[in-house]
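The structure appears right after this line, and notes come after that.
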Amino acid sequence: MTESAAPVKLNRRTVLSWALYDWANSAFALVVLSSFFPIFYKNVLRDGIDVAHSSFELGMANSIASIVVAALAPILGAVSDKSSARKRFLSAFATLGVLSTACLVISTQGLWVVALALFVLGNIGFAAGNIFYDSLLISVAPEEKSDQISALGFSLGYIGSALLFVALLVLVEHPELAGLADAKMATRISFIVVAAWWAVFTIPLLLWVPEPKADKSLPILKSAGEGLIQVFRTIFALRTHRNAATFLLAYWLYIDGVDTIIRMAADYGLSLGFDGSVLLKALLVTQFVAFPAALAFGWLGGKIGTKRALFIGIGVYALVTIWGFRMKEQWEFYVLAITVGLVQGGVQALSRSFYSRLIPRHLAGEFFGFYNMLGKAAAVIGPALMGFVGLLTGSTRFGILAIILLFIGGAFLLTRVEDKPADSPETA
């Protein structure tokens, strides 16, 4: 069932309301997913436990959440397309994320299993909600403005999460300013603040973003079944577009490595004995560097070719894992944070644009659905690999080094991809 063909008119309030959801939930990604919770988990909830063991636990939690979302993605995508219930499902998953994040305030050493479960649920709410958030773009953006409006959400996500991060960092480092007993209590309060931030800035989307209407709305179960059928149909179609299929395998490997470093960087720094405050500030540096660097990387791709630029980005990540393995001083973590920031956004953006040239135009929607599903499956292999190798060897250094396998595998498969358009199976 196709969406209504009526053209979308630009409405500034609608556009801002949509983009503010990125401002809302990016705070969870930065504060909870990448920084505060991993540090709190290792230093407080699992204090006294072998660092390799706690890294394994956190890695498995990330992998489990990614597996769940990857399994749900095609079903949720189909429901999103065919049931005219995008906002209801976004609201449901956002509520799951908000409540799970707020409940982290109860986290204590004796409740570490509960805290880890809440972390997984919040992760699922965040990632699954984004499926419906992304799909709402068609109801707010005229076709000629979709790139700019999509970029607006991306920008607000970086800015909003960074601003809240700075405020919460001050709270944790100076809890007395808020009348709190110590940094542990301030961190727990931070989880409530993130939940409130996420909830409040979701309201404009729910009020002022229109729900796209399908020509014929289908029941949810039937929509889910069609979603699974479409996944198998896309896999079959990829057999005749092997260039695109090879790229998807390459992308799945190296983007898994990218997401693993994002999620596990703070945990790894703590394993080396680095101060949590230093790690938080370094992660903030990454946030500020990543946005302008993504634009610069796009320019580089235009100058030397997208594929060559991707190889540079993947190569930088491989070197980061080697340097991380040998790292001994805290200042090195800052250098690595800046280095990651220089390529993080660029690799993500160029991967999408490169893939768009490899797929047949008449199957673009179907093929990008599969691409997004793999993106949701990122951080399935890496965190588990890092945790397992660290546990097996007794050293998280070998755990971070193991991630290089994802970059090597992704780069090798990328060499097998030809940079040419594929408007038909004959030219694929």
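Of note:
- Residue within segment 386-402 that is basic (Lys, Arg) and either over 28 Å from Lys328 (Cα atoms) or at pLDDT below 90 (or both) present: no
- Within segment 300-309, being open to solvent by 20 Å² or more (accessible area, probe 1.4 Å) and under 23 Å from the mean Cα position of the chain (by Cα) holds for one residue alone: Lys307.
- Failed criterion for Leu156 (all others in (1) at pLDDT 95 or above; (2) of a type in the set (A, V, I, L, M, F, W, C); (3) crowded, with 18+ Cβ neighbours inside 10 Å hold): (1)
- Test: residue in segment 81-89 that is at pLDDT 95 or above and under 21 Å from Ala196 (Cα atoms): no
- Leading residue by the ranking (most open to solvent (accessible area, probe 1.4 Å)) among those in segment 120-153 that are over 21 Å from Phe89 (Cα atoms) and among the hydrophobic types (A, V, I, L, M, F, W, C): Leu152
The values are calculated or read from the model by the stated rules, or taken from the named source; none is laboratory data. Everything numeric here is computed off the predicted structure, so don't read it as measured data. Please note: Cβ atoms are built from the backbone with ideal geometry, for glycine as well, and neighbour counts cover all protein chains shown. Ligands, DNA and RNA are excluded from the accessible area calculation, which covers all protein heavy atoms including side chains. Shrake-Rupley method; radii C 1.70, N 1.55, O 1.52, S 1.80 Å.
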